[in-house]
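Report on the structure given below.
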Amino acid sequence: MKLKHFLLLAVFVTPAGLPIALQAAPLVSIGDSVDVFFNGSSSLEWQSNVFSDERGAVDDYKYTVSPGFEINVGRGLSNADLSIITRYDIVRFDKVTDLDNELFHIKAVGSYAGSRLTVNGLVSYDENQSNGADGNDNQKGKLSASETTAANLNGEYTLSPKFSFGAGVNYNKREYKESSSADRESYTVPLDIFYELTPKVDLSIGYTYTSTEVSRTLSGVDGVDGYDKEQHFVNVGARGDLLPKLNGSFKIGFNTMDSDDPITRDGNGPEGRSDRDSSSSLGLDASFTYLATAKVSTNLNLNRNFDVAGQGESTEATKVDLSANYSINTRFTATANLGYTLREYVDTKREDDNYRTGLSLSYVPNEYWRFSTGYNYTENDSNSDGQSYEAHVINVSASLRY
């Protein structure tokens, strides 16, 4: 009965965040510049390993119904716009019903484009429930519940026909519901100078400063002390139409991390204490799109940066994500993706190799509806006992924007 009930809901209320190929008419228009849309979604997933557990895999069906609204301000205005998007996820499991949850999401996204100045901003709040499928927040036998608050403000000012200057302030705070996971709060300040090499390509030189505060965590009889760390990323790069069919951007340079707290504990008592290490390595942030044909496009994202794992451990993550989209016709699109993450724990010898692959098919019958189905496989190969696992996910979903 539960499965039948949610399948019926999927017909009438439909997954938020999916792109809509066609522009839907608004539900309500207010004046000459305000549009209100209903953004609804529903999905049914079969998960082979709900908890991303190596030894005790639990499979279950997960149902999600997500009613939401979007308010767009700026229609008819030449240089500014603002969107407020909100969603409420009603999550239900068929067997592990103690994981049932309701999750609220809201964000405001704005932009301004003048003759010499462009500014983009975002403020968001999200309630999350994760099984650590990316190898970052994995907690055995349960899902990690957290709240994330973010705010970003980034701008670029044209100094001359050849030079422009970019700067920003990005804030992120994640708070977990359980004491075994580490809360973290970070500020990032990017600074860049761009030089127009050609009308289609800009070169850049930049510096990014990141400050992160990680809270103390409790696990068993021992805990991991809280600490602060600072990162410095000095880089060079380029952006624009890099080749006739290739566009995108990249930054590559030298990345350093220093902690102001010299002590951590590895769980073996006082004699197991060791110093936190300062680290430096190659830093990379790149995104490319290759238009192979009128119907086929590929996207490649590369990133190498320092990070914080679920229990507060300092890590260095190298990520590669490749996807290909094939537009079968005006209604059907097929997508394939491959992903890999190497997560190296800075203060221990732990290493995780995380592999991801998937296929999906979407159908857009009109400007209001979108239907999709897909399969995803994840494998985490870790040299830490109990941290390796495999997971399969099959999903069907529908979304409505009106």
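We did not get these values from a lab; they are worked out from the coordinates using the rules stated. Because the structure is predicted, anything quoted here is derived from the model rather than measured. Quick reminder, even Gly has a Cβ in these numbers, built from the backbone with ideal geometry, and neighbours come from all protein chains shown.
Brief remarks follow.
- Intensity falloff of region 138-200 expressed as log10 I(q)/I(0), Debye formula with alpha-carbon point scatterers, at q = 0.20, 0.26 Å⁻¹: -0.81, -1.04
- Partners for Lys229 among lysines (Cα-Cα distance below 21 Å; same-chain residues under 8 apart left out): Lys173, Lys349
- Stokes-Einstein D in µm²/s, Kirkwood radius over Cα pairs - the chain at 37 °C with 0.692 mPa s viscosity: 140 µm²/s
- Cα lying deepest toward the dipole's positive end in region 2-401, options Ser327, Gly68, Ser281, charges on Cβ: Ser327
- Pairs of Cα atoms farther than 26 Å apart, region 95-217, %: 41 percent
- In this label model, Leu197 and Arg331 are separated by 4.5 nm, measuring between points 7 Å along each Cα→Cβ vector.
- Selection from Leu243, Asn395, Ile90 lying farthest towards where the dipole of region 2-401 points positive, charges on Cβ: Leu243
- Dipole axis of the chain (+1 Lys, Arg; -1 Asp, Glu on Cβ), positive-most option in Asn299, Ser314, Ser215: Asn299
- A straight chain from Tyr157 to Tyr375 at 0.36 nm per residue would run longer than the Cα-Cα distance by 74.1 nm.
- Under 13 Å from Lys107, Cα to Cα: aspartates and glutamates that are on another chain or at least 8 residues apart: Glu70, Asp126, Glu127
- Taking Cα centre as origin and charging only the Cβ of basic (Lys, Arg, +1) and acidic (Asp, Glu, -1) residues, the dipole magnitude of region 2-401 rounds to 1720 debye.
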